[in-house]
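Structure first, then comments.
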Amino acid sequence: MGNEEAVFFSRVLTETTLSFHIIYATIGVGVPLMIMIAQWVGIRKNDEHYILLARRWARGFVITVAVGVVTGTAIGLQLSLLWPNFMELAGNVIALPLFMETFAFFFEAIFLGIYLYTWDRFENQKKHLLLLIPVALGAMFSAVFITIVNAFMNAPRGFDIVNGELVNISPLLAMFNPAMPTKVAHVVVTAFMTAAFILAAIAAFRLLRGSDHVYHKKALLLTMKVGFIFSIGAAIIGDFSGKYLAEYQPEKLAAAEWHFETTDKAELILMGVLTKDNEVKYALKIPYGLSILAANNPFAEVKGLDQFPEDEVPPLYIHYLFNLMVFIGMWMAFLSAVFLIGKWKEWNFIASKWFRWLIVLGAPLSLLAIEFGWWFAEVGRQPWILRDLMKVSEAATTSDQVDSMLILFCLLYLVLGVGSVVVLRRMFRHNTVEKELEDRHAMRGRDVR
Amino acid sequence: MNLEILGITVLWTFLFGYIMVGAIDFGAGFFNAYSVITGKQRVLTKVIQRYLSPVWEITNVFLVFFFVGIIGFFPKTAFYYGTTLLVPVSFGVILLAIRGSYYAFETYGSRGHKGYSFMYGLAGILIPASLSIVLTISEGGFIEIIGGNPVLDYWKLFTSPLTWSIVVLSISATLYISAVFLTWYANKARDVEATGLLRRYALTWSLPTMIAAGGIIVELRRHQPEHYNNIQNFWPMFVISLLLFIGTVILLYTKRQYGWAFTMLAGQFAFAFYGYGASHYPYLLYPYLTIYDSFTNPAMAISLIVVFILGLCLLIPSLILVMRLFLFDKDYVSGKGDYHA
């Protein structure tokens, strides 16, 4: 296998692993917060439905966390196996957050074990809830630290290169690079948002499938509220991300926006197609839109692709990834807003079948948005693995066996994906909410006697 | 002590931690699967699952800690080991993934599912075998530099008796460590039947472990004389290790003090493991890579160590809490309280 093939297969394998892992990782970061909120509301209102909600979410969460952990281990090792040259350089400058991530992960793992096995062990429910805080924090900080490494790849800082040698290394400067604040905030907030909408979809689905239990209605309202708040957060941070890109990675923004010539009063292009001569057709154009996104000023100049050498421009299809991510985010914010206003104004249609189906559809859409976002982030950095420093093609392994490993890992993800779905379905289908509530009442009745 | 030695000692300690908790974990999964086939599930499964359930994820973190740490402290290892280990480590990762997820599927999803129990039992026992290959490769002789890139010679690797002795040791040690620990745990749970069975497993695997370990030292003499000679300098450590081994076996045989038996076993492996590690010094990979020429810059090293110390301040209390709740809590161990979500 030539080097080009090794690079190609390394890219495909990394992309496959990340695309699979990110589903479970996003759930893993977002769901602990949701469990925490539900349990807290349950304790405060003394409402067993919310407590049961937390309990059932926690049970499902273990399955997704297991897949998240093992695929996370896979990507952790694959970074060194597939990109040894990159990791050698990165190890020198950005190893610190990677190392911190293992501690966050450790912390989460320990307390998740304790939390799961101490339901009802404490007289005071609040003590049990306290155990969940380190789980949620550990999960969140795992995401924070890993995203810092990704931010560094986009905006490497904290070192100088003199005669091909790394000097003046500052691990903290490397961590707090310009890409870090927006990137980290965006990843964490969208994880919360996605988790909320996935759980909302489950509640809506149960309501559609004949269970009219108030438990599911409470679940739906709670998750839609949380989802709405974080979707607004995601939109605000998304706006800041646009400004970051305009300042530090203008070629990524220009490629995502099909902005070919440097102009002021730049328009925002939505969807459309590109002809052979890079002419934009059938697009929706918002005047001044791009200038506002880039600089909060409709007359601001925005750098176009004409400012960059052709071999340093990312593939132009990222335009669609970027647009679709934003559309889905906006749509979910809108949908949850309508639901909440509808609750308040007592509109009947929010309890109708079609509206509930829209909420169900929100789960796959939200996950798709996460995928689009990461593909945009990674493809948009091409051809660099470390912007302006190391190209992807220079970073890859020279091993001949990447293609066969790709097949093996695809099989693995198939087994894990199917396995987790089958197990989750089985867990909850046989043990419905109605049945579990009855069992619990029966048990409590026995205790009293 | 310089930073290089401090770094490798920390990493070696975590690797030792992984080997111990991993062995208990993987061995337990295997015994569980084995008891399903032989119809002894009734005897073993309960005690094994009581131990495994809350800790499986923690085990995995020890490994992650080790490989993230080694890239941090010794970034050049990424180049040498990363390029050459693609196949063996990928197999290890796949096994780990099957093991971890199917364990969770069985435990939290469908309790008692035979297929799942099988899958994670089998995957678990193969993990030490596939990961131990890394130790074999570190002895040198299997990697050549061709055109500036390190290349692994598979034929040589898989026809070397050293490789297979290490594989045999990793499997038998896994079963031995696990059986001794579980004997103690079952005894604590006052489960007489399980204690008896596990004690028998422990005695069965004691001798093969020792023979395989001895075999490795003999193989090493031929394969890597430099390392072999270094081992001689650390002979007291290996003698202590042997004495502790004999102590464990005597206690098991006479059915006394299982707690001490496990403590001595941990000591036996610690002395052998650190003796082996110390004699490997200064090489990370014979003859290309030492801890000195692969070490990171001082700024990174110091910040890693600071983070490590801060991290330990969080971890040690949490680990003590876990042990108090699940390892030393009589009600939990004997199965009086089941508080699973």
Using a simple spin-label model with points 7 Å from Cα along the Cα→Cβ vector, what separation in nm is obtained for B:TRP155 and A:VAL214?
7.6 nm
Per-pair calculated FRET efficiency, R0 = 25 Å: A:ASN124 and A:MET443 via Cβ, rounded to 0.05
0.80
Could you work out the mean count of beta carbons from other protein chains within 10 Å of each residue's beta carbon in A:170-178?
2
Within straight-line cross-link reach of A:LYS225, lysines at Cα separation under 19 Å, skipping those fewer than 8 residues along the same chain:
A:LYS45, A:LYS217, A:LYS343, A:LYS345
Would you mind pulling out the separation of the Cα centroids of region A:87-106 and region B:1-26, in Å?
17 Å
Going residue by residue through region B:95-111, the Karplus relation 6.51 cos²θ - 1.76 cosθ + 1.60 with θ = phi - 60° gives ³J(HN,Hα) values, rounded to whole Hz and with x marking Gly or Pro, of 4, 4, 5, 4, 4, x, 6, 5, 4, 5, 4, 6, 6, 9, x, 10, 3
Suppose each label sits 7 Å from its Cα in the direction of the beta carbon; what would the B:ILE250-A:MET271 distance come out to in nanometres?
8.2 nm
Against the longest alpha carbon principal axis of chain A, how many degrees, from 0 to 90 and to the nearest 10, is the axis of helix A:433-448 turned?
50 degrees
Gyration tensor verdict on the protein assembly as shown (Cα atoms; rounded if a/c is under 1.5, prolate if a/b is larger than b/c, oblate otherwise):
oblate
Under the Karplus relation with 6.51, -1.76 and 1.60 and θ = phi - 60°, whole-Hz ³J(HN,Hα) for region A:27-33, x at Gly and Pro, equal 4, x, 7, x, 5, x, 4
Would you tell me the mean number of C-beta atoms belonging to other protein chains that fall within 10 Å of each C-beta in B:108-115, as a whole number?
4
What accessible area per residue comes out for region A:1-76, rounded to a whole number of Å², with a 1.4 Å probe?
33 Å²
Long-range amide H partners of A:ILE385, meaning residues 5 or more apart or on another chain whose placed amide H is closer than 5 Å, are A:MET390, A:LYS391, A:VAL392
Excluding A:TYR215 itself, calculate the net charge of residues whose Cβ lies under 13 Å from the Cβ of A:TYR215, where each Lys or Arg counts +1 and each Asp or Glu counts -1.
+1
Considering only B:PHE262, B:GLY311, B:ALA213, whose Cα is most displaced toward the positive end of the charge dipole of region B:3-333, charges sitting on Cβ of Lys, Arg (+1) and Asp, Glu (-1)?
B:PHE262
Highest average packing first - A:403-416, B:84-97, B:304-317, Cβ atoms within 10 Å:
B:84-97, A:403-416, B:304-317
What total accessible surface area, summed over both chains, is buried at the interface between chains A and B, computed with a 1.4 Å probe and given in Å² to the nearest 100?
6300 Å²
If a/c stays under 1.5 just call it rounded; otherwise compare a/b with b/c (prolate if a/b is bigger, oblate if not). Do that for region A:66-123, with a ≥ b ≥ c from the square roots of the Cα gyration tensor eigenvalues.
oblate
With every protein chain in place, the protein assembly as shown: carbon and sulfur % of accessible area (1.4 Å)
66 percent
With Cα coordinates, the longest principal axis of chain A makes an angle with the long axis of helix A:180-208, in degrees rounded to 10, of 40 degrees
Over region A:1-141, what is the mean sequence separation of C-alpha contacts under 8 Å (at least six apart), divided by residue count, expressed as relative contact order in percent?
29 percent
For the pair A:ASN168/B:ILE320, report the inter-label distance in nm, with labels modelled 7 Å from Cα in the Cβ direction.
4.5 nm
Between A:GLU261 and A:GLN307, what length in nm is gained on full extension when 0.36 nm per residue of separation is reduced by their alpha carbon distance?
15.8 nm
For B:TYR286, B:TYR154, the accessible-area ranking with a 1.4 Å probe, largest leading, is B:TYR154, B:TYR286
Could you sort the residues of region B:288-303 by number and keep only those whose accessible area is reduced by 40 Å² or more in the all-protein-chain setting relative to the chain alone, 1.4 Å probe?
B:ASN297, B:MET300
Inter-chain shielding of A:114-124 (mean C-beta neighbours from other protein chains, 10 Å cut-off):
5
Would you tally the net charge around A:MET140, using a Cβ to Cβ cut-off of less than 13 Å, leaving A:MET140 out, and scoring K and R as +1, D and E as -1?
-2
Spatial separation of Cα centroids for region A:109-182 and region A:391-446, in angstrom:
24 Å
Sparse-neighbour loop sites [chymotrypsin sites (Phe, Trp or Tyr not before Pro); region A:74-127; at most 14 other C-beta within 10 Å; DSSP]
A:PHE122
Could you tell me how far the Cα centroid of region A:200-218 sits from the Cα centroid of region B:246-293, in Å?
56 Å
Relative to the longest principal axis of the C-alpha atoms of chain B, give the angle of the C-alpha long axis of helix B:258-280, reported between 0 and 90° and rounded to the nearest 10°.
10 degrees
Excluding same-chain pairs closer than 8 in sequence, count the lysine pairs in region B:3-333 whose Cα atoms lie under 22 Å apart.
10
Rounded if a/c under 1.5, otherwise prolate or oblate - region B:3-333, Cα gyration tensor axes:
prolate
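The values are calculated or read from the model by the stated rules, or taken from the named source; none is laboratory data. Every value quoted in this text rests on a predicted model; they were computed, and no experiment measured them. With ideal geometry, Cβ positions are generated from the backbone for all residues, glycine too; neighbour counts draw on all protein chains shown. Just the protein is used for accessible areas: all its heavy atoms, side chains included, with ligands, DNA and RNA removed. Shrake-Rupley method; radii C 1.70, N 1.55, O 1.52, S 1.80 Å.
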